[in-house]
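Asker: First, the structure itself, so that you have it in front of you.
The values are calculated or read from the model by the stated rules, or taken from the named source; none is laboratory data. It should be emphasised that the depicted structure is a prediction, and the values quoted were computed from it without experimental measurement. Cβ coordinates were reconstructed from backbone atoms using ideal geometry, including for glycine residues, and neighbour counts include every protein chain displayed.
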Amino acid sequence: MNSEGSESLSKTTKSILSKYGIRLNKNLGQNYLIDANKRNQIINFADVSKDDIVLEIGSGIGTLTIELAKRAKKVIAIEQDSNICEILDQRLKEEKIDNVELINEDALKIEFPKFNKIVSNLPYQISSPITFKFLDYDFDLAVLMYQKEFAQRMNGEVGSKNYSRLAAMLYFRCNVDKLTDVSCESFIPKPKVDSMVIGLTPKESDLNDDDFKTYSKFTKALFQHRNKKIRNALIDSRHVVSNLDKKEIKKRLNAIDNDELLDYLTKRVVVLAPEEILLISKELNPIFND
């Protein structure tokens, strides 16, 4: 690293890992940020104040946690690795930081305590499921680091290679903003790809919870077969949207007499805008689940 701050964070990180005999596992997404400038930039993007309760997923040895705690009312830090969790607990005691709730659990399996902001260098292997989980909670702002390729799929344009289930789901819930790129050189161990920091800001929507649940269900089914026609995608992923068997699903699809809906069924999943998927889901849900 070129800056003094980055060198300091790099040396600190390596010293802590050496002291406790920790060997990081890239397969578990244990890539620690060692660029202090990027760390500070991430925290500044989140505009953390003493009114904020910040949720951090994958807190590691506290690279973000400790600095967040200095600015926030409280930090809820979730770390699955028990050894790493113990190190962070010790660091917090040494720093005399008492506004961190440290949780040694799998973030995908627990209910989150109350929070209003999310700031995380996410473990990359849970990027998709944890982001979907965030959508079940109310929050003011999320500042999240992802692998660059994944981040680019979060607001992929309809019909493009980056158009994804995630982009369709986020469309009705959040504005997605690219905040900054982060080089693979900014981590240890060095990952094979660069990263990107994304800002998620919830937006107002007229979509009620029941309609969103239906939309979510159909979006999941359709994007399992993003290049197939809608009809075939729904038949192949029928278990996601209905308890009916394949024969009955086909029978009900064949009985549809709505020309607009029939036209949609002949289109490929990847060319449908979120509004069109919503329309289809609302029309087909009662047909598949009466």
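Asker: Check Ile66, Ile61, Ile110, Ile76 and return the single one that is assigned to a helix (DSSP H, G or I), among the aliphatic types (A, V, I, L, M) and at negative phi.
Answerer: Answer to the selection: Ile66.
Asker: Considering only residues that are hydrophobic (A, V, I, L, M, F, W, C) and farther than 14 Å from Lys148 by Cα, look in region 188-201 and name the one that is surrounded by the fewest Cβ atoms within 10 Å (Cβ to Cβ).
Answerer: The residue in question is Ile188.
Asker: What about Leu92, is it surrounded by 14 or more Cβ atoms within 10 Å (Cβ to Cβ), among the aliphatic types (A, V, I, L, M) and more than 13 Å from the chain's Cα centre (by Cα)?
Answerer: yes
Asker: Next up: Which residue, of Asp106, Asp181, is surrounded by fewer than 13 Cβ atoms within 10 Å (Cβ to Cβ) and not β-branched (Val, Ile, Thr)?
Answerer: Asp106
Asker: Looking for whichever is β-branched (Val, Ile, Thr) and more than 22 Å from the chain's Cα centre (by Cα) here; the options are Ile97, Ile42, Ile76. Which one fits?
Answerer: After ruling out the rest, the residue left standing is Ile97.
Asker: Go through region 237-284 residue by residue and tally those that are surrounded by 14 or more Cβ atoms within 10 Å (Cβ to Cβ) and over 27 Å from Ser160 (Cα atoms).
Answerer: 7
Asker: Given (1) outside any strand (DSSP E or B); (2) surrounded by 14 or more Cβ atoms within 10 Å (Cβ to Cβ); (3) touching a Leu at 6+ places or on another chain (Cβ under 7 Å), identify the lone condition not met by Pro129.
Answerer: Failing condition for Pro129: (2).
Asker: Now for a different question. Name the residue, out of Ile22, Ile16, that is among the hydrophobic types (A, V, I, L, M, F, W, C), out of contact with any helix residue (DSSP H, G or I) (no Cβ under 6 Å at 6 or more places or on another chain), modelled with pLDDT under 95 and not in a helix (DSSP H, G or I).
Answerer: Ile22
Asker: While we're on this one: I'd like the full set of residues that are farther than 25 Å from Arg153 by Cβ, charged (D, E, K, R) and not in a loop (DSSP other than H, G, I, E, B), limited to region 254-281.
Answerer: Asp259, Glu260, Asp263
Asker: Among the residues of region 37-58, what is the count of those that are surrounded by fewer than 22 Cβ atoms within 10 Å (Cβ to Cβ) and either small (Gly, Ala, Ser) or on the phi > 0 side of the Ramachandran plot (or both)?
Answerer: Of the residues in region 37-58, 2 are surrounded by fewer than 22 Cβ atoms within 10 Å (Cβ to Cβ) and either small (Gly, Ala, Ser) or on the phi > 0 side of the Ramachandran plot (or both).
Asker: In addition: So is Glu185 acidic (Asp, Glu), under 22 Å from Lys228 (Cα atoms) and not assigned by TED's automatic domain parsing to the domain that holds Lys267 or not?
Answerer: In short, no.
Asker: Return yes or no: is Phe150 among the hydrophobic types (A, V, I, L, M, F, W, C), outside the structural domain of Ala233 (by TED's automatic domain parsing), under 22 Å from the mean Cα position of the chain (by Cα) and not in a helix (DSSP H, G or I)?
Answerer: No.
Asker: Go through Lys109, Lys96, Lys19 for me and flag whichever is under 25 Å from Arg153 (Cα atoms) and free of Cβ contacts under 8 Å to residues at least 12 places away in the same chain.
Answerer: Only one candidate passes the filter, namely Lys109.
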